[in-house]
Every structure is written in structure tokens, then in C-alpha cells.
1. Going by a ≥ b ≥ c, the root eigenvalues of the Cα gyration tensor, does the chain fall in the rounded group (a/c under 1.5), the prolate group (a/b larger than b/c) or the oblate group?
2. Over the chain, what relative contact order in percent results from Cα pairs under 8 Å that are six or more residues apart?
3. Quick one: if you stick a label point 7 Å off each Cα along the C-beta vector at Val63 and Phe102, how many nm between them?
4. ³J(HN,Hα) across region 148-162 via Karplus (A = 6.51, B = -1.76, C = 1.60, θ = phi - 60°), whole Hz, x for Gly/Pro?
5. With all protein chains present and a 1.4 Å probe, how do Met220, Met236, Met145 order by accessible area, largest first?
6. Of Ser107, Ser230, Ala276, which is farthest towards the positive pole of the chain's charge dipole, taken about the Cα centre with +1 and -1 on the beta-carbons of Lys, Arg and Asp, Glu respectively?
7. Taking the dipole about the Cα centre of the chain, with the C-beta of Lys and Arg at +1 and of Asp and Glu at -1, give me whichever of Pro78, Ser202, Gln255 is farthest to the positive side.
8. Output ³J(HN,Hα) for region 64-73: one whole-Hz value per residue in order, computed from phi by the Karplus curve 6.51 cos²θ - 1.76 cosθ + 1.60 with θ = phi - 60°, and x for Gly and Pro.
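The values are calculated or read from the model by the stated rules, or taken from the named source; none is laboratory data. Keep in mind the model is a prediction, meaning the values are calculated, not measured. Every residue, glycine among them, receives a Cβ derived from its backbone with ideal geometry; neighbour counts consider all protein chains shown. Accessible surface is based on the protein model in full, side chains and every heavy atom, while ligands, DNA and RNA are left aside. Shrake-Rupley method; radii C 1.70, N 1.55, O 1.52, S 1.80 Å.
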Amino acid sequence: MPEQLLLAKDPQPHSGPPGPSDPSGRPGAGKDRGTGSPSAARNRRVLLRAARTAGPWVVPVLVLVVWQWTAAVGILPPSILPAPEAVWRAGADLAATGELQFHILTSLRRILQGFALGAATGLILGFLVGMSKVTEILLDRSLQMVRTIPHLALVPLMIAWFGIGEEPKILLVALGTFFPIYLNTVTGIRGVDPKLLQLGRSYGLGRWSLVRDIAVPGAMPTILSGIRYSLGVAWMTLVIAETISASDGIGYLAQNARELLRTDQIVLAIVLYALAGLLADLLTRLIERKVLRWHPNYRPRANQ
């Protein structure tokens, strides 16, 4: 143990007699045992766990405190950036009328529909291109050409095709989530060790069993990374789509607040988007821990 080595090199002599339970009589040996005792190790684990839980919130809380202080002393005028308590009051007022819940649920529904469409298409095509050379030759180059087109550039075309209904928003979110999942799926499939596939064939596994038992688990870390990234792209796309053409949703709430010069509601919409992104990331991490329990990098650190 590093602590024991440091204490063993302590230059100060131990003036007292060795304890009765110290068979070697070496000065400081009792101190060594105290440092490496089970209770000390348990305390270290508790401290590490508390630091790991509270550490990510240090910077947000500090930003919130500085924000509130600068608003209270007048450094930040309310017309530029209202205080956190003003943003909270704006959210409470909207929640009291039910308007806030309506806009949040509307945006969540669009995200779920668009993400489900884009993720399903990206996974299916990613597996087909990753597992089949014929499909790769037929589809991959065309998809790579489409990928270079910014999907947000399609907003005017979507509005011209579908108007300002739900279709353009859902399709834009689907386009934004499709390519990260597609690319990560293809990369994950191609990154599976060929020796494992060969070993599976030698055991008599069929094509479907190879995909289910070897290819999918091997590619899952990369696929989940693509899903996590695509969730952020989905919310970014929805912000723009709802800001340009919508009559409800969080983006519409921000756009309407801009016309009314309600900066507190604009900041509230931004905070809601940030919280939505945080929840999406936490959900993805939870899925990673459940799905990748077999992976050594995703196992709980029991000794820390």
C-alpha cells in the first residue's frame, strides 16, 4: 500500500514503547495497521463515492451562485440576463396555467417520434451495410453523399412540402439522428474482431446467431456512443425547427417570449433544453450500464 510505504519512511523516531500487540517491535507498525484497516478503507470509499456524486455539480452550482450575485448587485441588468429567481418565477407562472407542461410534452413527443424513426432507420441500414458487402456497395456511397448535406438546410424545403405541421419537425429530427447512429453502427460492426466471428463459425453458428451473439454485443459500445451523440443533435434540431415554424413546443415558447421581450422566459426555455439534454444523457448512461454489464470498462468500481 502506498500509505504504508510513506509511513515506513517516516524519519521521525517513535518515542514510545512498542505496543503489546506488535510482535516485531518495529516503531510505527501500529500506525501502519491503523491506516490500512478496513474502517479506513471504508471511509476512503465513502469519501470517493461522495466526491464522485457531488463533483459534477460543483461547476453548475458555482455558475448559479455567480449568476445570482451579479444580477443582485446590478452587474447584469434584467433586460440582458434576468436573475435565476426571476427565471424560476417565470416557470412557476407558466406551470400554474398549464402552459409550461403543454409545451414540454409537445417537444418530448416530437423528440420521441423523430428519434425513433431516425434511430430505427440508422440501425437497420448500419447493420445491413456493416454485415453485407453487396449492401455496402449499393447504399453506402449514396448515404455518404446525403450526409454531407446539412439537414437544417432542408428546413425551407420541408416547410414547402409539408407546411408547418408536425411532419417537417419529426423528419428533421429523424434526419439529425439518423447519420450518427448509422455511422457508429457501421463502425462498430466493422470493429468486431474477425477471429471471434471465425470462432463462431467454427462452432457452427449461423448468420443470425453470429449477428445476435457476437456482432451486436461487440458493436454495442460504439452504437451507444452514436445514440448518445444523436440525442444531442435531436434536441438541437428541434430547437431550430420549433423556432422557425411551430405554434407550440419549447422552441415556440422561446420565440413567443422574444416577441414579447420576456427574457426570463427565453432563459427558461434554454434551461429546459439543457435539462432535457442532461436527462437524455443520464438515460443513455443507464442503458449503457445495463446493456454493457459484461464489458470491463462499464462495470461498477467496487474498490473505489
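1. Cα axes put the chain in the oblate bin.
2. Values: 283 pairs, mean separation 57.6, N = 304.
Relative contact order, the chain: 19 percent.
3. Simple spin-label model gives 3.1 nm for this pair.
4. Listing the rounded values in order: 6, 7, x, 5, 6, 5, 8, 4, x, 5, 5, 5, 5, 7, 10 Hz.
5. The most accessible residue leads, giving Met145, Met236, Met220.
6. It is Ser230, whose Cα lies furthest towards the positive end.
7. The residue sitting most towards the positive pole is Ser202.
8. Calculated HN-Hα couplings, in order: 5, 5, 5, 4, 5, 5, 5, 6, 5, 8 Hz.
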